[in-house]
Amino acid sequence: MRILFLGDVVGRSGRDAVVAALPGLRAHLRTDVVVVNGENASHGFGLGPDMATALLEAGADVITLGNHSWDRRELIPYIAQQPRVIRPLNYPPGTPGAGSHLVVLADGRRALVLNAMGRLFMDPMDCPFRGTAELLARYKLGASVQAIIADFHAEATSETMAYGHSFDGAVSLVVGTHTHVPTADHAILPGGTAYQSDAGMCGDYDSVIGMGKQGAATRFWHKMPGERLAPADGPATVCGLFVVTDDRTGLATAVEPLRQGGRLSQAMPAI
Ligand SMILES: [Fe+2]
Ligand SMILES: [Fe+2]
């Protein structure tokens, strides 16, 4: 299966770039499944229902979220109606929406997409490790599903690495989100799971993790709120990871980063 994962979409710059790029990327990379993290699409905070719809129509199969899941409250009723938008599975029981979604391709192949959130330097949550293990007990990679894609939304790379190794061989891909900075450790782990500590954001990198430089810097200099934080509005880099898996095993055979547009060095998968 050919899988494209795009990291946190930040603000209008990120949204516009992803919506414009997705149809071309789907065709060029001949993707089967596209997953996009949308937690910062709405001015850096949350995801508006109209924005979710635009990302899905542009070619995202599933949208994942994170600690900003509910910043746009309109998403709460929307997520109950739209199973292709998922939130971390380790919110307390009874939270609206689901923590995973099963994508069924036109040819019958199935890909499970799940979203979990770390706990180190993050809001208190149920255990993402046990929550993921409980979910995975219901699926068999290479049998009931041909691919399993896990978006682990976390601050600390140590927690993401521990999560990746914990599920090495049990899922096709573990990719981190939330830090908004792409890491250069994309690789196939010993058990066959593709891994990257963070996919990086889809946003303007002439910024502080997507937000305007001045306002963000002021907070560090003076330790008091300055001007309201707003997303940087320069050209975005569409940033993510491309993975190819073997349908018989569900494990990765290739993993390459993707960086298109904006200020970052460019990288287009050639597989
Ligand atoms: Fe984010
Ligand atoms: Fe986040």
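Annotations for the structure displayed:
- The calculated 222 nm mean residue ellipticity attributable to helices in the chain amounts to -7000 deg cm²/dmol, summing -39500 (n - 2.57) over DSSP H runs of n ≥ 4 and dividing by all residues.
- Taking N as its residue count, the alpha carbon Rg of segment 26-138 over 2.2 N^0.38 Å: 1.07
- Each eigenvalue of the Cα gyration tensor of segment 1-52, multiplied by 5 and square-rooted, gives one semi-axis; in descending order these are 21, 11, 8 Å.
- An ellipsoid equivalent to segment 103-168, defined through the eigenvalues of its Cα gyration tensor, has semi-axes of 25, 11, 10 Å when rounded to whole angstrom and sorted largest first.
- Cα long-axis angle, helix 11-29 against the chain (0 to 90 degrees, to the nearest 10): 30
- The radius of gyration of the Cα set in the chain, together with its Dmax, comes out at 17.2, 57 angstrom.
- Rounded tilt (10° steps) of 49-58 against the dominant C-alpha axis of the chain: 50
- Using 0.36 nm per residue and subtracting the Cα-Cα separation, the extra length available between ALA270 and HIS222 on full extension is 12.7 nm.
- Using alpha-carbon coordinates, inclination of helix 157-166 to the longest axis of the chain, degrees: 10
- Within the chain, the longest run free of trypsin sites (Lys or Arg not before Pro) that sit in a DSSP loop with at most 14 other Cβ atoms within 10 Å is 141-222.
- Fraction in percent of alpha-carbon pairs per bin - 5 Å, segment 135-226: 3, 14, 19, 17, 14, 12, 7, 6, 5, 3, 1, 0
- Within segment 168-271, the proportion of C-alpha pairs whose separation exceeds 25 Å stands at 34%.
Every number in this text was worked out from the coordinates using simple rules, so none of it is lab data. This one's a predicted model, so the numbers in the text were calculated from it and none came from an experiment. Neighbour counts are summed over all protein chains in view; Cβ atoms, including those assigned to glycine, are modelled from backbone coordinates with ideal geometry.
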